[in-house]
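In what follows, a single structure is set out as structure tokens and then discussed.
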Amino acid sequence: MDAIAVRGGRPLRGTIRVGGAKNAALPILCATLLSDGESLLRNVPGLRDIDTTSALLGFLGRDVTVAVPEVRVAAATREARPEAPYELVRQMRASVLVLGPLLARYGRAKVSLPGGCAIGARPIDQHLKGLEALGATIEVSHGYVIAKAGRLRGAEIVFDLPTVTGTENLLMAAALAKGRTTLINCAREPEVEELARVLNKMGARVEGAGTTTIHVTGADELEPFDHAVVSDRIEAGTFMAAVGAAGGDVLLENAPLEDLEPVIVKLRHAGLFIEREGSHVRVVREGPLRAVDVTTAPHPGFPTDMQAQLMAMMCVAEGRCVLTETIFENRFMHVPELCRMGADIEIRNNTAFVQGVKSLSGASVMATDLRASASLIIAGLVAEGETTVRRVYHLDRGYERIEVKLAGAGAQIERVRLEGPP
Ligand code: EPU
């Protein structure tokens, strides 16, 4: 089993290239189901979640060629099988993103319920409610969502709360619906805007993405597309937090600065210098690291996907800070592992109180989810001695060769093989 071994104590210096955004690429890959032609997606990161989505599209009857950074989804030649089995969906919750496109394109879909995961219960009631409003009949039986519809019809849908994949599923369904759909209380994440750009390339009319109200005028048929995925704001933010913790001076190539504004504001308060240099971003931390309070919120608030990495940085900051998680009910699984490395963190309900310590000490720790894995690596970069992060299959879902990228900036980090159980 793979693990990541980090020897801490070296500042990061050099250049790190930020790859394409996982959470933008996944819905766009699912959008290929809306058309019969051949689509090409460029700037795709080499990740396990991309492989899982490609396998799912293959199961659904498409020929998918993954040659990272490109993924080609061929024109539909085989008969479609609009069914996403548990085996694939359980590997990746985002598989639920095929529900909207399948229903819109084939009038039926059978998709396994994703179930909860390490970070929370994560229901999909808003996805289902929205699809019903577009005219689908939905039954949940034996762990599957079974949806049927004639041609979907545009409708007005109000989300009870902003959901990223819920908004994306509805955008894709509405793109082939008859007439105009208005989605209210939408998620405003940049990945929603990116999907809207693709749907517009395909021939739908999507207006207002990036705001809370989105209008979609559906098309009778949609065209295939050629699209390069935006850079990954969370990967970029993770490297910024790594520089924050370890210190140093790094140029992040292709970092999407605007999408990261809520993170950058906090990192600057913490003592980081972050400035644009052309299409790149320079990140420097030479002075002391200060504690900053953060509450996660839907975009444009501070992203929950950066909470764990910021916490690792705060473990070695001067002073005490309060980190509150409002999106997922169980996203502090990294805390006991950080404490094993000497961090001083107390959790009360959805709030973590972090008292900065002078130093962390390397230890063997276990990753519990994707962003928790990144936070443990960041802690390892600043800890004394060696840290071994186990269960890196979580990491490989969403970070492309992070150890190679960090080693390129001077970190002592490598992938190792461990014997025994994970
Ligand atoms: N929610 C409901 N009902 C729904 C849908 C969501 O109650 O029908 C709740 C969730 O339980 C949660 C909140 O709404 O409390 C927001 O969840 P959301 O639906 O926005 O999350 P998601 O779409 O499942 C995406 C990202 C996550 C990221 C969240 C929040 C993708 C593929 N995943 O998940 O990314 O944390 O938005 O920004 O886009 C990650 O990359 O590590 C990751 C977990």
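The values are calculated or read from the model by the stated rules, or taken from the named source; none is laboratory data. Only a predicted model underlies this, so the values are computations on that prediction, with no experimental measurement involved. Counting neighbours? That spans all protein chains shown, and the Cβs are built from the backbone with ideal geometry, glycine included.
Remarks
- Hey, GLU261 charged (D, E, K, R) and assigned by TED's automatic domain parsing to the domain that holds GLY398 or not: yes
- Cβ pairs under 7 Å, 6+ apart, first in region 378-403 and outside the structural domain of HIS334 (by TED's automatic domain parsing), second more than 15 Å from the ligand (Cβ to nearest atom): none
- The residues of region 255-270 that are more than 19 Å from ARG188 (Cβ to Cβ) and surrounded by fewer than 18 Cβ atoms within 10 Å (Cβ to Cβ), listed by number, are ARG268, HIS269.
To keep it simple, each residue is scored yes or no on (1) within 24 Å of VAL230 (Cα to Cα); (2) crowded, with 19+ Cβ neighbours inside 10 Å; (3) out of contact with any Leu (no Cβ under 8 Å at 6 or more places or on another chain).
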{"site": "ASN23", "(1), (2), (3)": "yes, yes, yes"}
{"site": "LEU34", "(1), (2), (3)": "yes, yes, no"}
{"site": "GLY37", "(1), (2), (3)": "yes, no, yes"}
{"site": "ASP49", "(1), (2), (3)": "yes, yes, no"}
{"site": "ALA55", "(1), (2), (3)": "yes, no, no"}
{"site": "VAL68", "(1), (2), (3)": "yes, no, yes"}
